[in-house]
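The values are calculated or read from the model by the stated rules, or taken from the named source; none is laboratory data. These numbers come from a predicted model, not from an experiment. As a convention, Cβ positions derive from the backbone with ideal geometry for all residues, glycine included, and neighbour counts pool all protein chains shown.
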Amino acid sequence: MNCLLTFTGPDAPGITAALTQVLSQAQIELLDIEQVVVQGQLTLCMLVNFDLESESGEAVLKELLFSARKYGQELTYRQVEAVTKKANKRRYVLTVMADRVTAEVMHHISSLLASHGANIEGIRRLSHGDLSSLEIALSILESRISELKEALLRQLSENSVDIALQRESLTRRNKRLVVLDMDSTLIQVEVIDEVAKLHGVLPEVSKITHQAMHEGLDFAESLQRRVALLKGFETAKLEKLVHSLQLTPGARELVKVLKSLGYQIGIISGGFEQAASYLRDQLGLDFAHANKLEEKEGRLTGQVILPIVDANRKADLLDIIAQSKQIPLEQTIAIGDGANDALMLAKAGLGIAYHAKPILKKSADTTISFGGLERILYLLGIHAREIHEFL
């Protein structure tokens, strides 16, 4: 017979040792065990194989009650039937990120999970201090994942909450390569707009950008037309601009932590190589690929040196880099904000739309619409306390 023992009370060293000693001396089979401490209060659950109604079972229970009281613990117990999980259910991890995860947010999440037949198997806080990030382990029919994800995004975006729903697997926790878009992702601006502003052609450049975003103008053509408007811009001014670029909040923390864990990390951008190379050197990145602007006699010629880094080129570069480093695509992460990143995000093991345009949010594996880049670390199951201690 299976018996579920639950101990609750103030946490202290030695509690688990004392209780398992009782079971060991009585040669009781331990089938499962889980323990969690919330604000200094312990909850310890043990599934054991013995009959509560037998003479030996009563003796063991008496010893457990005595040991529990010695440590200020309360013991509840009951016989349970063996649970066999359905083979067609799969394990997923739901990461929840917000400025504050409220009771209302948790109600929305738990209600949606229940309505889609998902079972919560565990909840772990990832944030340190305020309750701003959680990791929820769940099991669900794989056929219901898409509708659950859509429902969560629709419900929680109204509450300024980001969620990521990932299949629980070894590769989720062991990514090895991260590629970032540059403009409006790693940095807070679009470099071409800043150059156009200084050169006095921002309205003309913005018009072409609008055509590319809303009227189907090819990216390569739009880039060449915009760069042509920059002809004559002094390279010294471009260098000064590049040195003044502001990183997105959390960028340094993200890079520092991932580099310390042995990740390869770099830039794949449809922006300018001059900016990407500078950021590579400043942040200690492993690589940077972007469009190179032709220069002559200290000024831009208005030409882009081929090949142009467009959506297809971005996806190809991710593949090339992963292969060169012998990293499976399943162990890669791609982060971007625009339609030009869609193919790259689709090819990566985890594609993240960061503060992205609506068109990219629909195709990405997950989205981060609030907070800084450091929140990506939560998607890897890294606790804020670990980040804080490292930094």
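Inspect all residues belonging to the range 138-148 and state whether any of them is closer than 30 Å to N2 by Cα, without any contact (Cβ under 8 Å) to a residue 60 or more places away in the chain and surrounded by 18 or more Cβ atoms within 10 Å (Cβ to Cβ).
Checked the range 138-148: at least one residue is closer than 30 Å to N2 by Cα, without any contact (Cβ under 8 Å) to a residue 60 or more places away in the chain and surrounded by 18 or more Cβ atoms within 10 Å (Cβ to Cβ).
Quick one: how many residues across the range 185-211 are more than 25 Å from T301 (Cα to Cα) and out of contact with any strand residue (DSSP E or B) (no Cβ under 7 Å at 6 or more places or on another chain)?
Total satisfying the criteria: 1.
Among I327, I333, which is assigned to a strand (DSSP E or B), at pLDDT 95 or above and farther than 26 Å from E221 by Cβ?
I333
Whether any residue in the range 167-183 is surrounded by fewer than 20 Cβ atoms within 10 Å (Cβ to Cβ), in a strand (DSSP E or B) and within 30 Å of the chain's Cα centre (by Cα) is what I want to check.
So far as the range 167-183 goes, yes, one or more of its residues are surrounded by fewer than 20 Cβ atoms within 10 Å (Cβ to Cβ), in a strand (DSSP E or B) and within 30 Å of the chain's Cα centre (by Cα).
Filtering the range 280-300 down to residues that are within 18 Å of A236 (Cβ to Cβ) and surrounded by 20 or more Cβ atoms within 10 Å (Cβ to Cβ), which residue is farthest from the chain's Cα centre (by Cα)?
Looking at residues that are within 18 Å of A236 (Cβ to Cβ) and surrounded by 20 or more Cβ atoms within 10 Å (Cβ to Cβ), I get L300.
Is at least one residue of the range 342-352 closer than 29 Å to R226 by Cα and among the charged types (D, E, K, R)?
yes
Look at D193 and say whether it is under 26 Å from R280 (Cα atoms) and either surrounded by 14 or more Cβ atoms within 10 Å (Cβ to Cβ) or at pLDDT 95 or above (or both).
The answer is yes for D193.
S54 - would you say it is touching a residue at least 40 places away in the same chain (Cβ under 8 Å) and either surrounded by fewer than 15 Cβ atoms within 10 Å (Cβ to Cβ) or not assigned by TED's automatic domain parsing to the domain that holds A137 (or both)?
Taking the combined requirement at face value, the residue does not satisfy it.
Give the residues of the range 297-344 that are of a type in the set (S, T, N, Q) and touching a residue at least 40 places away in the same chain (Cβ under 8 Å), sorted by residue number.
The answer is T301, Q303, Q331, T332, N340.
Considering S132, S206, S160, S115, which residue is at pLDDT below 95 and surrounded by fewer than 17 Cβ atoms within 10 Å (Cβ to Cβ)?
After ruling out the rest, the residue left standing is S160.
Looking at this structure, is N312 of a type outside the set (F, W, Y), assigned by TED's automatic domain parsing to the domain that holds H214 and buried (at least 19 other Cβ atoms within 10 Å of the Cβ)?
Criteria not met by N312.
Can you name the residue in the range 212-222 that is surrounded by 15 or more Cβ atoms within 10 Å (Cβ to Cβ) and more than 31 Å from the chain's Cα centre (by Cα) and, of all such residues, is farthest from T301 (Cα to Cα)?
Only one residue fits best here, namely L217.
Which residue, of I120, I140, I163, I145, is outside the structural domain of Q35 (by TED's automatic domain parsing), touching a helix residue (DSSP H, G or I) at 6+ places or on another chain (Cβ under 7 Å) and farther than 28 Å from R385 by Cα?
After applying the criteria, what remains is I140.
Please work out if G302 is modelled with pLDDT of 95 or more, farther than 24 Å from F219 by Cα and not basic (K, R).
So G302 fails the test.
Given the conditions (1) surrounded by 11 or more Cβ atoms within 10 Å (Cβ to Cβ); (2) at pLDDT below 95, report the number of the one that G72 does not fulfil.
Among (1) surrounded by 11 or more Cβ atoms within 10 Å (Cβ to Cβ); (2) at pLDDT below 95, the lone unmet condition for G72 is (2).
Select from the range 10-20 the residues that are over 34 Å from the mean Cα position of the chain (by Cα) and closer than 20 Å to R78 by Cα and list them in ascending order.
Passing the criteria: L19, T20.
Has the range 241-252 got at least one residue that is surrounded by fewer than 17 Cβ atoms within 10 Å (Cβ to Cβ), within 30 Å of the chain's Cα centre (by Cα) and of a type in the set (D, E, K, R)?
Checked the range 241-252: at least one residue is surrounded by fewer than 17 Cβ atoms within 10 Å (Cβ to Cβ), within 30 Å of the chain's Cα centre (by Cα) and of a type in the set (D, E, K, R).
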